[in-house]
Amino acid sequence: MLEGPKVSQSELAKRFGVSQPQICRIIKNKERILSEWHRNGHPERKRKREGKEAALEAALLRWVEGARGADLPASGPLLQLQARHLAEALGRPGPQPRSGRLGRFEGRHDLPSKKPPTETGDAEQPTAERWAGTVLPGLLRSYALSEIYVCGETGVLLPPSSPGRGEGAGGQLTLLLCANADGSEKTPLRAVGESPQPRCLRGVNLGQMPWSYRAGSLAGVTAPLFAEWLREFDEGMRRQGKSVLLLLAKHEAHPYLQLPNVRMVFVPPATALAQPLDRGIASDLKGHYRRRLLRWLSVERGGGQPTLLDALHMLAQAWGDVRPGLIASCFRAAGFNPDTGTGALTPAPGPRSQEQAERHALTDEEAADGDEGTAKDEDMGEAVAAQPCPSEREVWGSLATLRRYLECRATSPDLFQAFYELEDAVHAVSAS
């Protein structure tokens, strides 16, 4: 209308029901108003209103655009979680943003009506052939094998609850597994179950366990739970001074986060490539877990079925039983073959195997010294009252007491590794 035939400001004011000075200001600032209108993400807006936290909204909008560019969910509880995280990062901690405030944020930027972009070519969604021939070799050239991680979920069934023993396990757990390509590092297990506050976990120092437990809908990993795990994983890499690559499947429960120490790359769907967990790692974990569960039941530790706490310890032991060599071979089967040859993926004997060898050698020496000491005592003819040999049930009861003490007083998850080795040694003696 401003570009058409000459119309007086008074006539325009009458036509739109506004004052003449307001028309004057609009004409005076015509170029600025049109420029802001073209830059506006929501052209239908009639008022220019800014949020109270402009920097927070700008950072949140960039995150939403990045997540939707990767065809991932970026609304609802996940948007609230990300807003709180960004507020803490910007030095503005406070209560969790309310849904009404986030709704106004979405309305200002027209986010509800914007759909994620569809896949338009190999650049956004590479095929399995292009992934194996171009994308994966480029990643292998950019990162060392110890810096390439794969994460994913797998489910395990738990034994039914046992009457008279408090809260049993029962149902199902979803395990979040993560390991690197040369098998040198396996992150602690993250288990997700249905019960928000299991009675068997009361009094346990959960921060020092070799596993972690969360409650999720239908015992499944949700987007907020996965985002929490991602930030903990990123913090662990920061403490190690590492910048790593994390490969994962594209799923609504796998949100995209911009992390300083972790680069997230989503693998193509409907392909077995770059899925080492499905090539034998998850099944090996389940095999070790079943073996330990059957062994637990065979010794009848006080009768009944194991609790959820017992199952979590058995799963942590089973995860420790998965050998680095098997992990590396599963990565090779998934196509992780560097240009320098497949030999680079074969892990060298780690410090743990050397430590075990030294421990066995020390045990032999101590046994020899013990024989000599026994012979000396017999020669001296000292009358020593012999303690009766405890029964297996008494031994398992003592181990259960020691484990409970560590659950309540442990200062490091490494203490449980020593306890697990002691428990395995007792099992070996019992079996012989």
**Message:** Given the criteria open to solvent by 70 Å² or more (accessible area, probe 1.4 Å), more than 29 Å from residue 143 (Cβ to Cβ) and at pLDDT below 50, does residue 382 qualify?
**Reply:** yes
**Asked** Is it true that residue 212 is touching a strand residue (DSSP E or B) at 6+ places or on another chain (Cβ under 7 Å), free of Cβ contacts under 8 Å to residues at least 40 places away in the same chain, of a type outside the set (A, V, I, L, M) and assigned by the TED database to the domain that holds residue 185?
**Response** yes
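Against the definition (open to solvent by 10 Å² or more (accessible area, probe 1.4 Å), out of contact with any Asp or Glu (no Cβ under 6 Å at 6 or more places or on another chain), assigned by the TED database to the domain that holds residue 314 and outside any loop (DSSP other than H, G, I, E, B)), how does residue 252 come out, yes or no? Spell out the reasoning first.
Values: open to solvent by 10 Å² or more (accessible area, probe 1.4 Å): yes; out of contact with any Asp or Glu (no Cβ under 6 Å at 6 or more places or on another chain): yes; assigned by the TED database to the domain that holds residue 314: yes; outside any loop (DSSP other than H, G, I, E, B): no.
When the stated conditions are applied, residue 252 does not pass them.
With respect to residue 407, determine if the residue is touching a residue at least 40 places away in the same chain (Cβ under 8 Å), acidic (Asp, Glu) and open to solvent by 40 Å² or more (accessible area, probe 1.4 Å).
No: the conditions fail for residue 407.
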**Request:** Considering only residues that are in a strand (DSSP E or B) and open to solvent by 20 Å² or more (accessible area, probe 1.4 Å), look in segment 203-234 and name the one that is farthest from residue 404 (Cα to Cα).
**Result:** 215
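Within segment 255-274, work out how many residues are in a loop (DSSP other than H, G, I, E, B), in contact with a helix residue (DSSP H, G or I) (Cβ under 9 Å, 6 or more places away or on another chain) and modelled with pLDDT under 90.
Keep residues of segment 255-274 that are in a loop (DSSP other than H, G, I, E, B), which gives 255-261, 268-274.
Of the ones still in play, those that are also in contact with a helix residue (DSSP H, G or I) (Cβ under 9 Å, 6 or more places away or on another chain) are 255-261, 268, 270-274.
Subset that is modelled with pLDDT under 90: 255-258, 268, 270-274.
Qualifying residue count, segment 255-274: 10.
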**Asked** Under the condition of being open to solvent by 10 Å² or more (accessible area, probe 1.4 Å) and assigned to a loop (DSSP other than H, G, I, E, B), which residue from segment 296-312 is modelled with the highest pLDDT?
**Response** 307
**Prompt:** Within segment 1-60, which helices (runs of 4 or more DSSP H) (wholly inside it) include 1 or more residues that are open to solvent by 100 Å² or more (accessible area, probe 1.4 Å) and either at pLDDT below 80 or under 30 Å from residue 83 (Cα atoms) (or both)?
**Reply:** 9-16, 30-39
**Asked** Filtering segment 236-249 down to residues that are in a helix (DSSP H, G or I) and free of Cβ contacts under 8 Å to residues at least 24 places away in the same chain, which residue is surrounded by the fewest Cβ atoms within 10 Å (Cβ to Cβ)?
**Response** 239
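The values are calculated or read from the model by the stated rules, or taken from the named source; none is laboratory data. Every value quoted in this text rests on a predicted model; they were computed, and no experiment measured them. Neighbour counts are summed over all protein chains in view; Cβ atoms, including those assigned to glycine, are modelled from backbone coordinates with ideal geometry. Just the protein is used for accessible areas: all its heavy atoms, side chains included, with ligands, DNA and RNA removed. Shrake-Rupley method; radii C 1.70, N 1.55, O 1.52, S 1.80 Å.
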